[in-house]
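Where a number appears in this text, it was derived from the coordinates with a stated rule and is not lab data. Given the structure is predicted, the values throughout are model-derived calculations rather than measurements. Positions of Cβ are backbone-derived with ideal geometry, glycine not excepted, and every protein chain shown enters the neighbour counts.
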Amino acid sequence: MNAVFFFLIVAGILTAAVTGRINTITVDAVTSASQGVKQVFALVGILTFWLGIAKVAEKSGLIKLFTGILQPAVGWLFPSIPKGHPALGAILMNLSANIFGFGSAATPFGLKAMEQLQKLNRSEKASEAMCTFLAINSTSITLIPSTIIAIRINAGSSNPMEIIGTMLFASTISTVVAVSADWVCRTYLKRGKNNVL
């Protein structure tokens, strides 16, 4: 990937030099850098806001309530995890945070879940539960895509919230596909092992 980006940059500079537009590169580089800094500060503000909302939701018991609703599904998705194990709690908190669009707040819960799942794992290879969690966490259903909304606000969108329906649909489909693929692969691998034995 570094070679590709290097080629694109060099090709752009050479093209600008040949066409006599080398000044455009300097102006665009400075302008882009300044816009990048503005975007970062705007996103920091939005993420700080949502992390605050996540903390309020956690303290008020809203995430705990949502966690209770998700518990039966999580128990079904992760049959190898014993009831009451700390891994389940971390998984539930991670999923709840992701569903509410608190991606940054979900990361520590995801790391904690993997740490707890590794304690249950007796191998150096990833366990079934770890693979399932990774598939769900990577595709997570999202109700409020706060980062995308923030980017749309910064870009001057007249209706930055209109992405919510599309995002919910896309993230739901991706999660269903990921969970289905995980189940199919797991079933196929188990059958393959049984046939070998």
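Points worth noting:
- Residues Lys55 and Ala11, FRET efficiency given R0 of 41 Å [Cβ-Cβ distance, rounded to 0.05]: 0.30
- Euclidean distance between Cα centres, the range 5-25 to the range 169-183, Å: 42 Å
- Angle in degrees between helix 163-196 and the longest Cα principal axis of the chain, rounded to the nearest 10: 50 degrees
- Furthest towards positive pole of dipole, Ile81, Ala113, Asn94, structure part the range 67-146, Cβ charges: Ile81
- Axis angle, to the nearest 10 degrees, between helix 128-139 and the longest C-alpha principal axis of the chain: 40 degrees.
- Computed from point charges on the beta carbon alone (+1 for Lys and Arg, -1 for Asp and Glu), the dipole magnitude for the chain about its Cα centre is near 520 Debye.
- Remark: spin-label model distance Leu143-Ala170 equals 2.0 nm, labels positioned 7 Å along the Cα→Cβ axis.
- Among the listed pairs Lys64/Lys119; Lys83/Lys112; Lys125/Lys190, those beyond 19 Å (Cα-Cα): Lys64/Lys119
- Debye log10 I(q)/I(0) for the chain, one point scatterer per Cα, at q = 0.08, 0.17 Å⁻¹: -0.42, -1.14
- In a fully extended conformation the segment linking Lys64 and Glu115 would gain 16.3 nm over its present Cα-Cα distance, using 0.36 nm per residue.
- Extension gain, Ala33 to Val18: 0.36 nm times the residue separation minus the Cα-Cα distance gives 3.0 nm.
- Spin-label zone in the range 81-102 - amide nitrogen under 15 Å from a point set 7 Å from the Cα of Ser157 along the C-beta vector: 101
- Percentage relative contact order, the range 39-196, counting C-alpha pairs under 8 Å, at least six apart: 23 percent
- Of the trypsin sites (Lys or Arg not before Pro) in the range 89-173, those whose Cβ has at most 11 other Cβ within 10 Å and which sit in DSSP loop: Arg122, Lys125
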